[in-house]
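The values are calculated or read from the model by the stated rules, or taken from the named source; none is laboratory data. Quick caveat, the model's predicted, so the values are computed rather than measured. Counting neighbours? That spans all protein chains shown, and the Cβs are built from the backbone with ideal geometry, glycine included. When the accessible area is computed, the model is the full protein with side chains, heavy atoms only, and any ligands, DNA or RNA have been set aside. Shrake-Rupley method; radii C 1.70, N 1.55, O 1.52, S 1.80 Å.
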Amino acid sequence: MRLTKLGHACVRISDGDTTLVLDPGVFTDPGAAAGADAVLITHVHADHYSIEQLRATDAPIYTIGAVAAAIGEEAPDVHERVHVVQPGQRFEAAGIAVTAVGELHAVIHPDLPRFHNSGYVLDVGGTRVYHPGDALTGPGEPVDVLLAPVCAPWMKVSEGIDFARSVGAPRNVAIHDRIYSEAGLGVADAHFTRLLGESGLEYVRLADGADLG
């Protein structure tokens, strides 16, 4: 398995000749989805979903109903490639086994309505990778790699650390990291590294374009 960080919440995961891209949005370099065999989208926020990114590939798109509806309104041509998944559904994307996890985005503010979000557990050649999207909902099963949100308007660093501890993945790769400045990320990285390390868990924040070693 090869896992490449592509900016903010977007990652590319490859297994042999098969490549999946998750959450290519407006904070991701253009063309991040180019060459993908399948694209997975967690929810409708622009930092996770971009029509321009989806038009850079002709791959099938797997996502929830709310995103499918938004794509249908904005780009009917892209909508033809959309496959809607349900909470808890197990399916295959380009031959890779995927499980949809959860149903709601994290609370942004009590005065704002919650909306839909789906995380995904991918079984990539026996390595299980979990992308939670914008939620702190656990995968419900052991995973080898957690794509761990680091900073967001809906999350404190302490909540992110406790979430990663609760998932218990041996390897934690930072995502959702375009909200803080580099100085702020340095503080967050120090806390994640020390406190997850005390639980025997590895934490790394990859530069855009870098692979998980």
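Mind listing the phi-derived Karplus ³J(HN,Hα) values for the range 138-143, rounded to whole Hz, using 6.51, -1.76 and 1.60 with θ = phi - 60°, and x for any glycine or proline?
With the stated coefficients, the range 138-143 comes to x, x, x, 7, x, 10 Hz.
Go ahead and set up a Gaussian network model of the chain, Cα springs under 10 Å, then flag whichever of ALA135, ALA70, ALA33 fluctuates most.
Between ALA135, ALA70, ALA33, it is ALA70 that shows the largest mean-square fluctuation.
Over all Cα pairs of the chain, how is the pair count split among 10 Å bins, expressed in % and running from 0 up to the last occupied bin?
The calculated distribution, bin by bin, is 9, 38, 39, 14, 1.
I'd like the accessible area for GLU182: 1.4 Å probe, protein heavy atoms, all chains in place, Å² to the nearest 10.
About 130 Å², ignoring ligands and nucleic acids.
Under a 1.4 Å probe, what is the accessible area of the chain per residue, stated in Å²?
Spelled out: the 1.4 Å probe surface of the chain, per residue, equals 42 Å².
What is the percent carbon and sulfur in the accessible area of the range 35-138, measuring with a 1.4 Å probe over the protein chains and ignoring ligands?
51
State whether the range 1-84 is rounded, prolate or oblate according to the following rule on the C-alpha gyration tensor (a ≥ b ≥ c being the square roots of its eigenvalues): a/c under 1.5 gives rounded; otherwise a/b larger than b/c gives prolate, and the remaining case gives oblate.
Cα axes put the range 1-84 in the prolate bin.
Quick one: net charge around ASP144, please, counting Lys, Arg +1 and Asp, Glu -1 for every other residue with C-beta under 15 Å from its C-beta.
Numbers: positive: ARG2, ARG128, ARG171; negative: ASP15, ASP123, GLU141, GLU202.
It works out to a net charge of -1.
Quick query: amide H of LEU40 versus all other amide H atoms, modeled in the peptide plane; which residues come in under 5 Å with a sequence gap of 5 or more or a different chain?
It is VAL21, LEU22, ASP23, TYR62, by chain and number.
In whole percent, what relative contact order does the chain give with Cα contacts below 8 Å and a gap of six or more residues?
Numbers: 478 pairs, mean separation 35.0, N = 213.
After rounding, I find 16 percent.
Can you tell me which of 124-130, 21-27 comes out highest on packing, and rank the rest after it, using the mean Cβ neighbours within 10 Å?
Output ranking for 124-130, 21-27: 21-27, 124-130.
Can you give the accessible area of TYR62 in Å² (nearest 10), computed on protein heavy atoms with a 1.4 Å probe?
Surface open to solvent at TYR62 totals about 30 Å².
In degrees between 0 and 90, to the nearest 10, how far off the longest principal axis of the chain does helix 182-197 point, with axes built from Cα atoms?
Helix 182-197 and the main axis of the chain meet at about 70 degrees.
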